[in-house]
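Input: a single structure, listed below in structure tokens.
The values are calculated or read from the model by the stated rules, or taken from the named source; none is laboratory data. Keep in mind that what you see is a predicted model, and the values were worked out from it rather than measured. Here the Cβ is made from the backbone with ideal geometry for all residues, glycine too, and neighbour counts use every protein chain on show.
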Amino acid sequence: MDETRLKELLDGFPKVRIAVIGDFFLDKWLTIDRGLDEPSLETGLTAYQVVARRLAPGAAGTVTNNLAALDVGEIHAVGFAGLDGEGYELVEGLRATGVSTDRLVRTADVFTPTYIKPLFDADPNPVETNRLDIANRRATPTWLEERVIALLREVCGQVDAVIALDQVTVDGTGVLTARVREALADIGRSRPGLVLYADSRAHAADFRNVIVKCNHKEALDVADPERKDDPDLADESEVRACALAMAQRTGRPAFVTWGGNGIFAVDGIEATRVPAVKVEGPIDVCGAGDSANAAIVAALCRGATSAEAALVANLTASITIQQIGTTGTASRQGILKRFRESRADREGA
């Protein structure tokens, strides 16, 4: 892909409309000043003192954060949150990035999933200690599944793409239950022109009629659940075969990320390995997959081939992994700049 083609794709992002369905979490970082420790009068235990906090939508919210950074024209959140303080903060965070929350159901029947991340302030290098997780441990109520499915079907007539992302690994306790996955498959059968895309930690094998993105470990597990070999020892031919098998299983294109080796993009019977963009210095891969998801789908909506979309994803991820200690985002201008830098590096090599 040359710069003209990349710019053409990027310039079209503000015209794109995307819905994200899945597990919207609240990420809450709490900065603790150990110099202010004091004993609790009630228990005698140390009471940590919070001096700062940072809030952001996480999980599926990380995808919407990245779509917003790419200037995607319309972004819709589909899912649920609790009638609790975390739910209020999640909705405010989504709205602050321009996300429509009209289809985010608020109910007292569930918690708002939350990652609380205490940080011991040791400037300039804060140390993250044990995370506190708030999650729903019981099955998603049937009425809530039905409501989410109805909202999903409704929004499909108003967008160019749907991204499905689950963070919850216990099946049936999050947004993307088996019934919701079946609804996605049914939509995929009836609307072949709609970009339907799923990234699932635990259920990549359970999607049909949608584009699936997963990493090489997940793809190898789907291909051979009894496999005992270290997935990091798999060679290129094995990962390529798994990517092709994934596309055959779902009936749509597939994307399989392979760490620093890049992404296998499958379209039809062709699997193209698109090399990663090399970067120097420290990296933080947290959120890299979500930034890639946003880039792939936005590019596909503008007519990119699977290989072109994978290149845009690699450029995007090369920027976000350099943002240490946070789930980073990339702008369209930053992507174009990184493309020029990587091209200059290749030409100078």
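Rundown of residues vs (1) closer than 14 Å to Ile21 by Cβ; (2) free of Cβ contacts under 8 Å to residues at least 24 places away in the same chain, yes/no style:
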| position | (1), (2) |
| --- | --- |
| Val127 | no, yes |
| Asn130 | no, yes |
| Ala135 | no, no |
| Arg147 | yes, no |
| Leu151 | yes, no |
| Cys156 | yes, no |
| Ile163 | yes, no |
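Residue-level check: of (1) without any contact (Cβ under 8 Å) to a residue 60 or more places away in the chain; (2) not in a loop (DSSP other than H, G, I, E, B), Trp29 misses just (1). When the stretch 86-115 is filtered for residues that are surrounded by 16 or more Cβ atoms within 10 Å (Cβ to Cβ) and among the aromatic types (Phe, Trp, Tyr), the ones remaining, listed by number, are Phe111, Tyr115.
Run down Gly287, Gly268, Gly251 and say which single residue is of a type outside the set (A, V, I, L, M) and within 19 Å of the chain's Cα centre (by Cα).
On the way: Gly268 fails: within 19 Å of the chain's Cα centre (by Cα); Gly251 fails: within 19 Å of the chain's Cα centre (by Cα).
Within the list Gly287, Gly268, Gly251, the selection yields Gly287.
The number of residues in the stretch 297-310 that are within 17 Å of the chain's Cα centre (by Cα) and either modelled with pLDDT under 95 or within 18 Å of Ala276 (Cβ to Cβ) (or both) comes to 3.
Quick check, is Ile335 hydrophobic (A, V, I, L, M, F, W, C) and closer than 18 Å to Pro14 by Cβ?
Against the criterion (hydrophobic (A, V, I, L, M, F, W, C) and closer than 18 Å to Pro14 by Cβ), Ile335 qualifies.
Listed by first and then second residue, the pairs with beta-carbon distance under 7 Å, at least 6 apart or on different chains, first residue in the stretch 42-58 and free of Cβ contacts under 8 Å to residues at least 12 places away in the same chain and outside any loop (DSSP other than H, G, I, E, B), second loosely packed, with under 13 Cβ neighbours inside 10 Å and of a type outside the set (Asp, Glu), are Thr46/Pro39; Ala47/Pro39; Ala47/Ser40.
For the stretch 319-336, filtered to residues that are modelled with pLDDT under 95 and part of a helix (DSSP H, G or I), the residue that is nearest to the chain's Cα centre (by Cα) is Thr320. Which of the residues belonging to the stretch 8-59 are within 28 Å of Gly157 (Cα to Cα) and loosely packed, with under 15 Cβ neighbours inside 10 Å? Glu8, Asp11, Pro14, Lys15, listed by residue number.
Got a sec? Which of Ala317, Ala304 is touching a Ser or Thr at 6+ places or on another chain (Cβ under 6 Å) and among the hydrophobic types (A, V, I, L, M, F, W, C)? Talk me through it step by step, then tell me what you get.
Numbers: Ala304 fails: touching a Ser or Thr at 6+ places or on another chain (Cβ under 6 Å).
The match here is Ala317.
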